[in-house]
Every structure is written in C-alpha cells, then in structure tokens.
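Below is one structure, written out as structure tokens; comments come after it.
The values are calculated or read from the model by the stated rules, or taken from the named source; none is laboratory data. In this text the structure is predicted, and so the values were computed from the model without any measurement. With ideal geometry, Cβ positions are generated from the backbone for all residues, glycine too; neighbour counts draw on all protein chains shown. Surface accessibility is based on the protein's heavy atoms, side chains included, excluding ligands, DNA and RNA. Shrake-Rupley method; radii C 1.70, N 1.55, O 1.52, S 1.80 Å.
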2 protein chains.
Amino acid sequence: MKLIPLERQTKDVSGLFQEIEKRVKVVQDYVMQPEYVSRFEPEDMREAVTCYFASGGKRLRPAVMLFCVGAVGGDESKAISAAAAVEIFHTWTLVHDDIIDRDTTRRNGPTVHERFYRKPSTQQLYRGNDAEARHYGVSVAVLAGDVQHGWGISLMTELTTKYGLDAAVTLKLIDTLDTRVLCTLVEGEMLDVQYSQVPIESLTSEQILTMLWKKTGALFEFCGTTGAAIGLNTPDLEHPFALKLARFCSACGTAFQLQDDILGIVGNQEVLGKPVGSDIREGKRTAIVREAYARADKEQRKFMLGTLGNAHAESVRIEQMIQLVRDLGAIEYTANLARNYINEAVEYLDGLPPTSYRDLLAEWADLMISREF
Amino acid sequence: MKLIPLERQTKDVSGLFQEIEKRVKVVQDYVMQPEYVSRFEPEDMREAVTCYFASGGKRLRPAVMLFCVGAVGGDESKAISAAAAVEIFHTWTLVHDDIIDRDTTRRNGPTVHERFYRKPSTQQLYRGNDAEARHYGVSVAVLAGDVQHGWGISLMTELTTKYGLDAAVTLKLIDTLDTRVLCTLVEGEMLDVQYSQVPIESLTSEQILTMLWKKTGALFEFCGTTGAAIGLNTPDLEHPFALKLARFCSACGTAFQLQDDILGIVGNQEVLGKPVGSDIREGKRTAIVREAYARADKEQRKFMLGTLGNAHAESVRIEQMIQLVRDLGAIEYTANLARNYINEAVEYLDGLPPTSYRDLLAEWADLMISREF
C-alpha cells in the first residue's frame, strides 16, 4: 500500500481543508483570548498551559463537532466554546500521556515536561541538578494538564452562560465528558501501559482495538454527541441524530487511531512532528505490530521481540523492523481495517438530512485515513 | 506554647465532633456508592481512585460547607453531592501534589504513586525493574487524580440534576471551581515548588502567607461560597451572606494551613499520619521556618541552611532543627498568627442569623487551630 500525499490525491479536498481551516482559526482565536490566558500564573504555568495551542495541532475534533452542529441544522457560532473545550480537553490528555509515555517530542517541539526540564530558567533554578530539573518538568506538566482540564470544563459552562443553550443540555454534556468519556480515556491509557508489558502474542486483535477505541474513539464519539445535542438544543443524547453522529465519529476515531499507528511506522517524521519508530521503541501494542507478529515465522518473531520495547534499539534495527512489518503485509491489513471503519461510519450519515454539512462529514471521514499528518 | 490534646481541652467539643462525624459518614457513604465506584477500570484504577477515601481523612471541607448551607437557612440534604465533590476535588490535588513533593506517606499509608510502585502486581509486571515500577506508580497516580477531578465536577452537576438546584447556580459554581479556585491552587503549588529553591531570607512573610492561602485558603473559601449559594439557591456569589461565609472560610483556611505547618514540626507522627520533619527535609518555605530564620543568629542560620531541603538529613539533625525553631519562639509566633486569622474569621459570623449552625461554625473555627490531627 502506498499513502497518497494530499497534494497528489485525485479527489479535490481543498474545499474541506478550507472549511477545517476556517474553524481552526475561530477556535484558536477563541482559546487565546487574554481573558483566559491571563488566568494562568505564575509565568511558567501560563507558558505550559498555552504552548501546545501556539504550536498548531490538527484540530480535527473541534472541526468535526462544528460540522455535526450544522448537520442537524444548528448554529455553529453557538458551539464555539464547546469546540474549544474539546480541543483543550484533548490537549490535557496529551500532556499527561506524554509524561506517562516519556515522549520528548510533539508537534515538532518538545513535550511540556521536556520543555520545562530543558528550559534555561529551570536549569538555573536547580543549578544544574539534572534529576531535580527533570522532576520540575514533570511537575509543571502535571499541573498544566490539570489547569487545562478545568479550563475545558469551564468553556462548556459558557454554552449556557454565554450562548443561551438550555442548561440541562450543558449539565448533561459536562457530566458525560467528565465521567463516561474521561473514565474511558483513562482506562484506555492504563491498558496501553499494562499491555506493553505482556507478551504480544497473548493479546487478541479485539483487545487491542478495544484499547485503541477507548484511548481515541470515546472523545471523537463525544464530538458527535455534543455537536448534535447543541445543534438540536436537547439533553436527549439518545436522539436518533445524536446516536448516528456519535457512531459516525466513534468509527472515524478508531480509523484515525489506526492511521496514526500506520504513520508512526511509515510516516514522514517532519510532517508528523514526532520521531517515526517511537511506538516500536516504546513497545506499543498496536494492531499493526500484532498482525505482523501473527504472520511472522520463528526467526522473524525472535527479531521482533528483541526490538519491540527496546528503548535503546539502534536506528538500523528500527528500520529493519519497519521493513519487516511492511513485507508481512501488516500495513496493508491495517489500512484495510481502517477503511472498513470509515465505510461503516459513512453509512451512519445516510439517516441525516442531505446538506453541505453532511457532505463535509463524508469528506472529513475520508481524510481520517488519507491524511499523512 | 503547648497544644492541648482534644481529650484534655477545657471546652467541650464533643458536640461539634458528633456533628462533623455525622456529615463525614453521609459524605463517605455517598462517595462510595457502587454506581460511582464501578465506573473506574481497570482494577488498579479503581483502587487508586478510591483508596484515599477508604483510609479516612479529616473531611473538614465537606463539614464546613454543610454547616454554611444550614447557616443561611438552606437544606443540607440537597448539598451532599457538592460536599462530596469538594472532598474529591481536594483529594485529587493531594494525589498530584504528593507526586510533585515526592511524599511517600499520607494518612498512615503509602501515597498513591508509592502504593502502586510497591504493589506486588506492579513488581511482577515489571519483573523487578525498579525504575519502571516507580514510573508505573507515578502514571497511575497522575491518571487517578485526573479521574477524581472529573468525578468531583460530575458530582457538582447533580446539584441540579438530582437535587433541583437552579442550573444557573450549579453552572456558576462549576465555572468558579474549575477556573478561579483551580488556577489559584495550582499557582500556590507552583510557588511552593519554586520558593523551595530560592534563599529563605529572600522571601517576605507576605509572600509565604499568600502562597499558603493560594494552596489552601482558596478551596476553603469556595466551601463558604458554595454552602451559601446552595442554601440560598442563588448564583449571586456576591450575596452578603455568601461573601461573609467565603471570608470566614478563607481566613479559617489560612489558619488551618498554619496549624498544619506547626503540626509538621511539633505534631505526633501517628496522629498526623505522616512523618514529622518531612517539611524540613523537603525545604518547604513555611511561615514558621521563615520566622525562625529571621530571629536566628549567624551560627544558627548556618545550621538551618544546612538542614532545610537536605533530603538526607539525619534524624538527630532534624530534631535539633525542631528544637531550634521552638527555642526561637517561631512556633508561638505562628500559633498567634493563626489565632488572629480565627479571630478575624469569627467576626464575619456576626452578620449571620443566630442559629445553632452559626455556633457550630464558630466552634469549627476554633478547631482549626486546636486540632492535633
């Protein structure tokens, strides 16, 4: 399988990109309002809380939420704070997961804990004591994620206090986000950590897909639910449109994560903003690696087990592993799996009124598996 | 100054204790409902999220919030979920602060990160790799705090969804808790971390008291505000009763923290549930230590600087430091300071209707500085 760079795609996605970009800008401007940013003290905290927003990010979640608002006939401008909230909520989970996964790079820059470990003022504060400076980096990242978590929730309250949404809807959405969605995300991250320590052959494909859905699909699903609930101004999250959009986003979320795993192996480091092969060094139990292992012979398995989770594996070994995964057809297998999720997702759109928003959602779904970023 | 053990206090506080105990039990039963606990998966997460509740704790915050509800003529039974929320909110800040402060003991047991580092199943998972097991402990504690944060917020939504409070009140309280209160708590913790690295003589008494208020007073203040807002069913947090109770709780919170600092030096380890002297080893910039330093001569200062923040200081050195702090009168000074805050606090009660609740609040205020636990 060959991933087609966006500029060489046969389908014209420039319209979709413009629509996404428009919303990314609105959400970005909303988030960076001085009214919010001035809340964060002292200076290191302000920088830690806002640095991921300054450096971009895909912002696929706010865009899809706003498309969902439109798809049920709602007014997008009343949902901006929720779109911002879901992006910020996603961000704090990244900040905390980066601590847990000990990732040092994200979006072509240092992760939060790495940034505040390396920062000259930190080195000065701890007078070159490396372990203490490193611990300070982790402390700042823990607290920054906490502040972002609260910020996201407070933006949800604005749905009613600033934009007049029925308070019952807002309370229902806050409760859902901070219990069901949050518990699912955390469970997914916990399973990811625990799975990395058990033999890859002991995990079923289903276990891995469930873990992956919990880590990613649950928050995407929430974007669909929320977009519909806001657009319809109803606290009934079982409304047929809400269910359809939830399932649509949920399936897209799983496909998104599968594509992430593919890009983590065959992607372009610069476009991705993080090192290719880090999943292998961390020993992540991805669907790709599991499939490759299942297809490998005894010799190949031995090589894989010696590479997977080997933090000090040499680059050449990582490259060999990547070639092996390709040769065994595991990438094609995973791409097909992702494609199936997208096909399933698009079917959920059938029950919605035919609008330009519905078309955008269908295009957006395709982007989940054609993207290289 | 000598602290009078509660059983030897001349004033009869058994009535107050019974009233606190009653509410502690109600809140405890509320928190531990299977409906909540069953949300947390996998097993390690469930244990991590709930273990601090199983092991007790002072629960002074929920008790005072419920007294405040009664003091403005409200129905306490409608505020149970908020009382539970504030205790859980407090708990996640402890879990994350314990990571940051590298504390290993709380409430006579291990802190969350320490517990999951030492747990036999963790040691088994990481096959004795100590650094990995330790990192797993931190990961579990980061995520457990995150889950507790969300749980606290979802309990706040119940004020309306289960107990019929005006939704405008609930949204206002959630927003206040997750922005103003949260940002203040985090700023206090950040300052605490940063101050520990600057020379103690460069900090003013005011800087230390402000930091300490941010770490503790802000959440106490919220208990007063919330109790009044729920009791009055008003989103007007500037209502005269809300302001009075906020100020009352705020001043009590500062006194509470000063007493904590005193107990951290002259308290009983078993009653406290954590080692006496850990503040000194961690180099915490407490009001006591700052005052002692200001009163010390050159020789004594040299000794203090060699002890404060010396993680490996021998017990005998810690004991000498404690004796020095006592001899310099810094404990008596801090106790007087705390007493002044309580005197100020009690004056705020004057503007409230004379009820048994108001009397309880006055007794509760005294407890903040007479307590040995």
Residue A:35 being part of a helix (DSSP H, G or I), touching a residue at least 12 places away in the same chain (Cβ under 8 Å) and open to solvent by 40 Å² or more (accessible area, probe 1.4 Å): no
Criterion violated by residue A:25 - all others in (1) farther than 29 Å from residue A:229 by Cα; (2) more than 17 Å from the chain's Cα centre (by Cα) satisfied: (1)
Yes/no for residue B:201 being assigned to a helix (DSSP H, G or I) and facing another protein chain (nearest Cβ under 10 Å): no
Top-ranked residue of region A:69-100 - restricted to ones that are of a type in the set (S, T, N, Q) and open to solvent by less than 10 Å² (accessible area, probe 1.4 Å), ranked as nearest to residue A:229 (Cα to Cα): A:81
Every residue from region B:149-164 that is more than 7 Å from chain A (Cβ to nearest Cβ) and more than 26 Å from the chain's Cα centre (by Cα): B:162, B:163, B:164
Unmet criterion (only one of (1) buried (at least 24 other Cβ atoms within 10 Å of the Cβ); (2) facing another protein chain (nearest Cβ under 10 Å); (3) without any contact (Cβ under 8 Å) to a residue 60 or more places away in the chain) for residue B:113: (2)
Of all residues making up region A:330-373, the number that are open to solvent by less than 40 Å² (accessible area, probe 1.4 Å) and outside any helix (DSSP H, G or I): 2
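Listed here are the residues, each with its yes/no results for (1) part of a helix (DSSP H, G or I); (2) of a type in the set (Ser, Thr, Tyr); (3) away from chain A (no Cβ under 14 Å); (4) farther than 20 Å from residue B:159 by Cα.
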| site | (1), (2), (3), (4) |
| --- | --- |
| B:53 | yes, no, yes, yes |
| B:69 | yes, no, yes, no |
| B:74 | no, no, yes, no |
| B:83 | yes, no, yes, no |
First in region A:277-300 and over 17 Å from residue A:102 (Cα atoms), second anywhere and modelled with pLDDT of 95 or more and open to solvent by 50 Å² or more (accessible area, probe 1.4 Å), Cβ under 7 Å, 6 or more apart: A:291/A:333; A:293/A:301
Flag for residue B:211 being assigned to a helix (DSSP H, G or I), more than 30 Å from residue B:311 (Cβ to Cβ) and touching a residue at least 40 places away in the same chain (Cβ under 8 Å): no
Qualifying residues in region B:123-148 (those that are at the interface with chain A (Cβ under 9 Å from one of its Cβ atoms) and part of a loop (DSSP other than H, G, I, E, B)) - the one least open to solvent (accessible area, probe 1.4 Å): B:126
Criterion (surrounded by 21 or more Cβ atoms within 10 Å (Cβ to Cβ) and modelled with pLDDT of 95 or more) met by exactly one of A:210, A:226, A:161, A:176: A:226
